[in-house]
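Enquirer: Can you keep this structure in mind? I'll have questions shortly.
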Amino acid sequence: MKFFFTHSRRKQRFSKLENYLNNFQQNSYIKNYIVSNRNYQISNQAEFNSFVIFDTESTGLNPKSDSLLSIGAVKVINGKILPKESIDLYFNDEIDNTNSPVHIHQIRKADLKNNGIPLKDGLEEFLRFIGNSVLVAHHAKFDCELINKYLDQLFGLYLLNPVLDTRKIAIRLDRKGMHTDSVSEKNYSLDQLCKTFNITPVSRHNALGDAFTTAILFLKILKKLEIRDIKLNKLLI
């Protein structure tokens, strides 16, 4: 099942979702999310003024088998990061993940037990937060596939928002026309791009911290895109 789709594929998805709307009569949050995205159209860069930059932390690097531990997200409106418009969610559904790399994501079982909420509640909050904003992430495919796995299990739907990947955009800026498979991953990691763009990372390997770091990177990338006259609607994944 493919989790990412172009604008035409989104329209096909919306036509199918029309049949599902009745299933969410008792869940206004999900229904409102579907309706708000159903007719959302993007025709040019001028319409890109509301973004949600987000990141996830998980128990591993395989979205099909690993578990979602946290989501951090912050809004960028009209070119400005809004620190007060942010969420920092931890989930307590699968605390007993003994192989989880705590040394990387810094999330302990006690953190999930004391601060975590059920995935169902957290994903509803996430959908309310993002609305029909454009989603932005670094390695967005992984984050979206991980979230989509649980959205499918719990609600029977997937993220409907347009999605941008800061890694892919950075590659486009540097290597126009080059196939991404031939690009060295280490040159386009979040850490390396922070060095390239002279950014001090915010709480690395924490979902909200990485979301803020990616937001700063995204704004710097936007300036380069404007200079190159590259439209964001051409960069959706």
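Here, each number is a calculation from the coordinates, and none is a lab measurement. Owing to the predicted nature of the structure, the values given are computational and were not obtained by experimental measurement. All Cβ positions, even for glycine, are placed from backbone atoms using ideal geometry, and neighbour counts span all protein chains on display.
Enquirer: For the residues Ile53, Ile77, what sequence is obtained by ranking on other C-beta atoms within 10 Å, fewest first?
Expert: Values: Ile53 29, Ile77 13.
Result, fewest neighbours first: Ile77, Ile53.
Enquirer: From the phi angles alone, apply the Karplus equation (6.51, -1.76, 1.60; θ = phi - 60°) to segment 51-65 and give each ³J(HN,Hα) in whole Hz, x where the residue is Gly or Pro.
Expert: So the Karplus estimates, Gly and Pro as x, are 10, 10, 8, 9, 8, 10, 10, 9, 7, x, 10, 10, x, 6, 10 Hz.
Enquirer: Take the residue pairs Lys31/Lys234; Lys168/Lys224; Lys141/Lys168; Lys64/Lys120; Lys84/Lys168 and return only those whose Cα atoms are more than 20 Å apart. Numbers along the way, then the final one.
Expert: On the way: Lys31/Lys234 29 Å; Lys168/Lys224 14 Å; Lys141/Lys168 10 Å; Lys64/Lys120 18 Å; Lys84/Lys168 28 Å.
Pairs exceeding 20 Å: Lys31/Lys234; Lys84/Lys168.
Enquirer: Could I ask something else about it? For segment 192-236, what size does the Cα cloud have along each of its three principal axes, sorted from largest down, in whole Å?
Expert: On the principal axes, segment 192-236 reaches 32, 21, 13 Å in Cα extent.
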